[in-house]
Amino acid sequence: MIKTVVRDVLFLGQKSEDATKNDANVIDDLIDTLRANLEYCVGMAANMIGVKKRILVFVMGNVIVPMVNPVILRKDKMYETEESCLSLVGVRKAKRYELIEVEYLDRNFKKQKQVFTGFTAQIIQHEMDHFEGVII
């Protein structure tokens, strides 16, 4: 189901909790909402649709990839960039890493580990900041 995007900075500033299998429907809602906003957005965290759970989705090529409870195991080559967010107006500076290794659960709650680089790594880091209540 396509959800309304949350723009309340007080809500977005709160930390998210680990997701469980009971939160599986949030993955579908995030995918539907991201798909509806692809013109403006390349990733979403669950708090952006009003759910304080550690679930994110992002675009990788022509696929929308979900991650549940992701953890960055390794990060290399920090750089500064500017980012925007569907929940905010304008562009803000951010520090990101060119390469990250992430352990996460996939949509079937099976453990995965993968290395991401470049813009994909940047998207994941941006969405993971949402889990900590960090707004760029």
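Hey, any hits in segment 28-45 for a residue that's basic (Lys, Arg), free of Cβ contacts under 8 Å to residues at least 60 places away in the same chain and surrounded by 15 or more Cβ atoms within 10 Å (Cβ to Cβ)? Give the derivation first.
First pass over segment 28-45, keeping only residues basic (Lys, Arg): 35.
Still in the list and also free of Cβ contacts under 8 Å to residues at least 60 places away in the same chain: 35.
Then keep just the ones that are surrounded by 15 or more Cβ atoms within 10 Å (Cβ to Cβ); that gives none.
No: segment 28-45 contains no residue that is basic (Lys, Arg), free of Cβ contacts under 8 Å to residues at least 60 places away in the same chain and surrounded by 15 or more Cβ atoms within 10 Å (Cβ to Cβ).
Considering only residues of segment 1-58 that are of a type in the set (Gly, Ala, Ser) and over 26 Å from VAL91 (Cβ atoms), which is nearest to the chain's Cα centre (by Cα)?
Just the residues of segment 1-58 that are of a type in the set (Gly, Ala, Ser), to begin with: 13, 16, 19, 24, 36, 43, 45-46, 50.
Subset that is over 26 Å from VAL91 (Cβ atoms): 19, 24.
Numbers: ALA19: 13, ALA24: 15 Å.
Among residues in segment 1-58 that are of a type in the set (Gly, Ala, Ser) and over 26 Å from VAL91 (Cβ atoms), the one nearest to the chain's Cα centre (by Cα) is ALA19.
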| Failed condition for GLU39, given (1) outside any loop (DSSP other than H, G, I, E, B); (2) farther than 26 Å from LYS113 by Cα | (1)
| request: May I ask you to say which residue of PHE11, PHE109, PHE58, PHE116 is touching a residue at least 60 places away in the same chain (Cβ under 8 Å), among the aromatic types (Phe, Trp, Tyr) and either within 17 Å of PHE131 (Cβ to Cβ) or part of a strand (DSSP E or B) (or both)? | output: PHE58
| Could we say that VAL65 is surrounded by 12 or more Cβ atoms within 10 Å (Cβ to Cβ), β-branched (Val, Ile, Thr) and out of contact with any helix residue (DSSP H, G or I) (no Cβ under 6 Å at 6 or more places or on another chain) here? | yes
| message | The conditions are (1) farther than 21 Å from ILE31 by Cα; (2) not in a loop (DSSP other than H, G, I, E, B), and VAL68 fails exactly one of them. Which is it? | response | (1)
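Only the coordinates and a few stated rules stand behind these numbers; no lab work does. What you see is a predicted model; the values in this text were computed from it and never measured. Here the Cβ is made from the backbone with ideal geometry for all residues, glycine too, and neighbour counts use every protein chain on show.
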